[in-house]
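Reviewing the structure listed below.
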Amino acid sequence: MFLSLLGITFIVSLLVCFIVAKLFAKPIDGILERIVADDIAYAWTKYLKFAIYVVGISGGVRINYLENFLRAPTEHFTPPVLTMDRWVLEIYRTIIESLQSIAWMLLVFFIFALIAYVIVRAFELRTNAKGQAGANNNT
């Protein structure tokens, strides 16, 4: 039963990561193409998709918690029993933990992307202002 639980939680986490990666593909591409050069943006997009999978699966498949199903019973610990209710709870927990992990990762990415966007925009405005000032002096 434990191996089935491990496999199912992995597959559910993988599916959640796939859906999130598809949902955020265009926003991530757009942001990175705006901030960095096109050839580097492609590599960063690939890396971020990989990070979504790594963070989502590691957040959804919590190995430390699943080890409780393998521990031997003691007088202070009874291993959880895999009933239908437990299965539903574990699958729900896998979905929520995967989404939560991915959400934190994307939040950090979007915060840094916003900072980078502001910096890039400030340089563009400064360059445009200098170009217009130089054009006005030549006339």
Degrees separating the helix 2-23 axis from the principal Cα axis of the chain, which is the longest one: 20 degrees
In region 1-53, the chymotrypsin sites (Phe, Trp or Tyr not before Pro) that fall in loop regions by DSSP, at most 13 other Cβ within 10 Å: none
Tilt relative to the chain, helix 25-35 - C-alpha long axis, 0 to 90 degrees, to 10: 40 degrees
nm² value of the averaged projected area, convex hull over the Cα atoms of region 2-138: 11.0 nm²
Angle in degrees between helix 84-138 and the longest Cα principal axis of the chain, rounded to the nearest 10: 10 degrees
Quotient of Cα Rg and 2.2 N^0.38 Å for region 10-83, N being how many residues it contains: 1.67
For Ile115, Ile57, order by how many other beta-carbon atoms lie within 10 Å, fewest first: Ile115, Ile57
Mean residue ellipticity (222 nm) of the chain, computed from DSSP H runs ≥ 4 via -39,500 (n - 2.57), nearest 500: -29000 deg cm²/dmol
Footprinting exposure proxy for Ser58, Ser4, Ser101 (fewest neighbouring C-beta atoms within 10 Å first): Ser4, Ser58, Ser101
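Since every read-out is calculated from the coordinates, none of them should be taken as a lab result. The structure displayed is predicted, hence computed values, not measured ones. Virtual Cβ from ideal backbone geometry, glycine too; neighbours counted across all protein chains shown.
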